[in-house]
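J.: What follows is a structure written as structure tokens; I'll ask about it next.
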Amino acid sequence: MLSPSRGHRRLLIGMLALVTAIGAGCGTGGEDEPESGGAVTLTWWHNANADPGKAFWQQVADEYHAKNPNVTIQVVAMQNEQFKTKIPVALQSQDPPDVFQQWGGGQLADQVSSGRIKDLTEATKSWVGNLGKAAVNWQVDGKQYGIPYSLGVVGFWYHKDLFAQAGITTPPATWDELLSTVEKLKAKNIAPIAIGGKDRWPDAFYWAYLAVRGCSEQVIKDSIAKYTFDDPCFVKAGEMTKQLIDAQPFQKGFLATPAQQGATSSAGLLANGKAAMELQGHWNPGVIQGLTPDKKPLDKLGWFPFPAVPGAGDPKAAVGGGDGFSCSYKAPDECADFLEYIASVDVQTRWAGVGTGLPVTKGAEGGVTDPVLKTLLDFRDQAPYVQLYFDIALETSVGEALNEAIANEFAGKATPDEVVKALKDAAKNR
Amino acid sequence: MSTSELVGGTAPTTDVPPPATPNRGKPRLGDARRGAIRRTVEVVLFVSPALVLYVAFVLFPIVLAAYYSLYKWNGLGALTDFVGFENYRRALGDDVFRGAIAHNAIIVVLSLVVQGPLAIGLALLLNQPLRGRTALRAICFIPYILSEVVTGVTWLLMLQPDGLIDEFFRAVGLGGAIELWLGDTELVLYTMFVVITWKYLGFAIILFLAGLQGIPQELYEAAAIDGAGRWATIRRITLPLLGPTTRIWAFLSIIGSLQLFDLVWIMTLGGPANASNTMATYMIDRGFQRYEYGYGSAVAVILFIISFVVAFVYQRYILRRDTEGALTGNAG
């Protein structure tokens, strides 16, 4: 090797320094000067990246611009999963989106504690009451940091023909009835319950519902607020989960089954009459429609709430989650006004007609036309409270750790005690 | 599994040829200086673009990751919660991460022990004059060209219970051997290894085929004259002369196995019950899925160190004789 002379070495060091400086400089570009002359541009990231939802939001943006010519809205439709990685980076940057998809709960609290979300308490005070109890999930410490436009509930979707084949006339209303329904279906060689174990979060629905049914509302609320999970009802939820797993109600190889991909996914099995039930969110009819052989809605699809369970919880309480929007810390004040438009009865009624979710604004219920979705809406509105999915309600690191622990229980690799321990450990580490 | 690390690592960057100085008369001092300046300008001109990219996209992120790894950070807001090496202590004490390291180690060993001989055997076969040889070679290579996502989704669907793979087993009368390929925590890692082998074997075969082309035909003729049998020829001539190729392939295979991510992530997400986690899937899960960017960075740094040490030791002790000259320089 030619030994570099001192000059060379200095040259190399200089170049390296220069290059590093250039590299470092790249991170601080981008300007966000407020536009002058009252003209405002709102960038809007939402997750309806397919029609009809995509076209609907575009129309809403256009309508708002027509009413407020000084506000231009740049709509960016992104795939749902992309938000997970893009939002933290975008919020770190100098140029975050003004309005973006927000699921509330612990994730929102994370973003708020970092000072990246606009406080909407004042701006929404006059109308947020129209959204009912749903708005609570987009609050942090009593302040409003986002606005929901949808709040759905999880429940059992079932195939009516398969229930009829097994001689089941009424859907199970209690835990014991659910277990006997499973036995009846198994006797007819029908896989009773489909579950997307590969994705982990479907497993967590069972544990979450058993916790909500077994623990009082106060215990649930306090536990989530304080990140303490000492009440024995949480271990009990795991024990009942185990009771169900031991009854072997799930399809063959359920640990590796994806929730939504292809005909062999859990939704696909229900769509094709290969399994009788699935505990899933309000979006399931849409997913199932895409997985039926003719891509038509499954007219044999029915819905019933998670059965009653002995315990301190209310049998009408629901587990669910919703969609909303937050404004980032740099967003102009018009952002709140735009959210008011989205939450208006008119827009919410028309959005409900699209059929991708359940509206939250009072007076928009009439927009829900699908009879099954109406059942869900009634259940939701009669619920004393809708508990957000735990992985959303809790900070992400804790919620995901809980999902993993529950999935491990489904795989026979964790006991009910270990699930709660994993949850506590993650809460301690957060 | 790209070759970029290798190229980046061994690209000969020294030995700038002396500038052609005019040969007429005595060399004057000014000429030498002008030559030196020109050489400097040339070096700056040619090296800068690559150096800019390398620093901005390789060195800078590594330094940043090391910096983040000392903080507890959810990816939002400022880095305020300095925790020192706590993230490293937590990672190395986590059974799931240790399991992931073990899974990587298993994949490394299996790749070397199973894929190597298999690829050499198939390369020898495809090196024979036989009908449709070109087509067969192409077929072997096709899986390698497919994107990881396509491969992953396709295998995921085929490996579902009563899927195509199970149907195939039944069709050939092996119905009794059917297992829950992806759903069994004891089996899933080996199922993944089969898919990995399917995907990357073609690359190994092509490498070995190229290596075989470099063996002079005369040696085989001489061996034949000496009365060496087929097995003796392979053992005494082919395999030793394939040495450099084998060592390069093994290096790529080890690094690729250590960094295994896409196929596992698409097919199992590291499950069920973390039975197929690799270091990289663990890192993505903790970092991006759980918003523990500080902790994820620590895992990334550990992965980097493991890969770096393995690569360094391998280069130093095993690849040295192959890269002599290119790496070490002819001046010693």
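The values are calculated or read from the model by the stated rules, or taken from the named source; none is laboratory data. Just so it is clear, the model here is predicted, and its values are computed rather than measured. Positions of Cβ are backbone-derived with ideal geometry, glycine not excepted, and every protein chain shown enters the neighbour counts.
J.: Give me a count of the residues in the stretch B:26-82 that are at the interface with chain A (Cβ under 9 Å from one of its Cβ atoms) and either assigned to a strand (DSSP E or B) or touching a Gly at 6+ places or on another chain (Cβ under 6 Å) (or both).
T.: Residues in the stretch B:26-82 being at the interface with chain A (Cβ under 9 Å from one of its Cβ atoms) and either assigned to a strand (DSSP E or B) or touching a Gly at 6+ places or on another chain (Cβ under 6 Å) (or both): 4 in total.
J.: Of the residues B:Gly93, B:Gly77, B:Gly30, which is out of contact with any strand residue (DSSP E or B) (no Cβ under 8 Å at 6 or more places or on another chain) and surrounded by 12 or more Cβ atoms within 10 Å (Cβ to Cβ)?
T.: After ruling out the rest, the residue left standing is B:Gly77.
J.: Just to be sure I understand, how many residues within the stretch A:211-253 are in a helix (DSSP H, G or I), more than 14 Å from chain B (Cβ to nearest Cβ) and farther than 23 Å from A:Lys316 by Cα?
T.: 2
J.: Here is a follow-up. Out of the residues in the stretch A:364-418 that are away from every other protein chain (no Cβ under 14 Å) and part of a loop (DSSP other than H, G, I, E, B), which is nearest to A:Tyr209 (Cα to Cα)?
T.: If we take residues in the stretch A:364-418 being away from every other protein chain (no Cβ under 14 Å) and part of a loop (DSSP other than H, G, I, E, B), then A:Tyr389 is nearest to A:Tyr209 (Cα to Cα).
J.: Just one of A:Gln94, A:Gln101 is part of a loop (DSSP other than H, G, I, E, B) and polar (S, T, N, Q); which is it?
T.: Result of the check over A:Gln94, A:Gln101: A:Gln94.
J.: Filter the stretch B:243-301 down to residues that are charged (D, E, K, R) and crowded, with 21+ Cβ neighbours inside 10 Å and give me whichever is modelled with the lowest pLDDT.
T.: Checked the stretch B:243-301; the qualifying residue modelled with the lowest pLDDT is B:Arg290.
J.: Also: Taking the criterion of being crowded, with 20+ Cβ neighbours inside 10 Å and of a type in the set (Lys, Arg), would at least one residue in the stretch A:358-373 satisfy it?
T.: No, the stretch A:358-373 has no match at all.
J.: When A:Ser93 is evaluated against the numbered criteria (1) over 28 Å from A:Ala318 (Cα atoms); (2) modelled with pLDDT of 90 or more, which criterion, by number, is the only one it fails?
T.: That leaves (2) as the condition not met.
J.: Please note which strands (runs of 3 or more DSSP E) are completely contained in the stretch A:137-204 and include at least 1 residues that are of a type in the set (Gly, Ala, Ser) and over 30 Å from A:Ser126 (Cβ atoms).
T.: Values: elements: A:147-153, A:155-159, A:191-193.
Ranges flagged: A:155-159, A:191-193.
J.: How many of the residues in the stretch A:73-101 are in contact with a Leu (Cβ under 8 Å, 6 or more places away or on another chain) and over 18 Å from B:Gly287 (Cα atoms)?
T.: Within the stretch A:73-101, residues that are in contact with a Leu (Cβ under 8 Å, 6 or more places away or on another chain) and over 18 Å from B:Gly287 (Cα atoms) number 4.
J.: What are the pairs with Cβ atoms under 7 angstrom where one residue, in the stretch A:363-383, is among the acidic types (Asp, Glu) and the other, located anywhere, is not in a loop (DSSP other than H, G, I, E, B)? Sequence gap at least six, or different chains.
T.: A:Glu365/A:Leu377
J.: Which number in (1) of a type outside the set (A, V, I, L, M, F, W, C); (2) modelled with pLDDT of 95 or more; (3) outside any strand (DSSP E or B) marks the one condition that A:Glu278 misses?
T.: Tallying (1) of a type outside the set (A, V, I, L, M, F, W, C); (2) modelled with pLDDT of 95 or more; (3) outside any strand (DSSP E or B), A:Glu278 fails exactly one: (3).
Every residue, every condition in (1) touching a strand residue (DSSP E or B) at 6+ places or on another chain (Cβ under 9 Å); (2) away from chain B (no Cβ under 11 Å); (3) touching a residue at least 12 places away in the same chain (Cβ under 8 Å), yes or no:
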| position | (1), (2), (3) |
| --- | --- |
| A:Asn70 | yes, yes, yes |
| A:Gln74 | yes, yes, yes |
| A:Thr85 | no, no, no |
| A:Gly104 | yes, yes, yes |
| A:Gln111 | yes, no, yes |
| A:Ser114 | no, no, yes |
| A:Asp119 | yes, yes, yes |
| A:Thr124 | yes, yes, yes |
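J.: B:Ile284 is checked against (1) under 21 Å from A:Ala256 (Cβ atoms); (2) in a helix (DSSP H, G or I); (3) more than 10 Å from every other protein chain (Cβ to nearest Cβ); (4) of a type outside the set (D, E, K, R) and fails just one. What number does that condition carry?
T.: (3)
J.: Which one of B:Gly176, B:Gly183 is in contact (Cβ under 8 Å) with a residue 60 or more places away in the chain and either more than 9 Å from chain A (Cβ to nearest Cβ) or part of a loop (DSSP other than H, G, I, E, B) (or both)?
T.: Exactly one of B:Gly176, B:Gly183 is in contact (Cβ under 8 Å) with a residue 60 or more places away in the chain and either more than 9 Å from chain A (Cβ to nearest Cβ) or part of a loop (DSSP other than H, G, I, E, B) (or both), namely B:Gly183.
J.: Would you check if A:Tyr149 is touching a residue at least 40 places away in the same chain (Cβ under 8 Å), in contact with a Gly (Cβ under 7 Å, 6 or more places away or on another chain), within 27 Å of A:Trp283 (Cβ to Cβ) and of a type in the set (Ser, Thr, Tyr)?
T.: Taking the combined requirement at face value, the residue satisfies it.
J.: Does any residue of the stretch B:269-279 turn out to be under 15 Å from B:Ile107 (Cα atoms), away from every other protein chain (no Cβ under 14 Å), within 19 Å of the chain's Cα centre (by Cα) and outside any loop (DSSP other than H, G, I, E, B)?
T.: The answer is yes, given that some residue of the stretch B:269-279 is under 15 Å from B:Ile107 (Cα atoms), away from every other protein chain (no Cβ under 14 Å), within 19 Å of the chain's Cα centre (by Cα) and outside any loop (DSSP other than H, G, I, E, B).
J.: May I pose another question? Please indicate, with yes or no, whether at least one residue in the stretch B:88-95 is at pLDDT 95 or above, over 28 Å from A:Ser114 (Cα atoms) and charged (D, E, K, R).
T.: no
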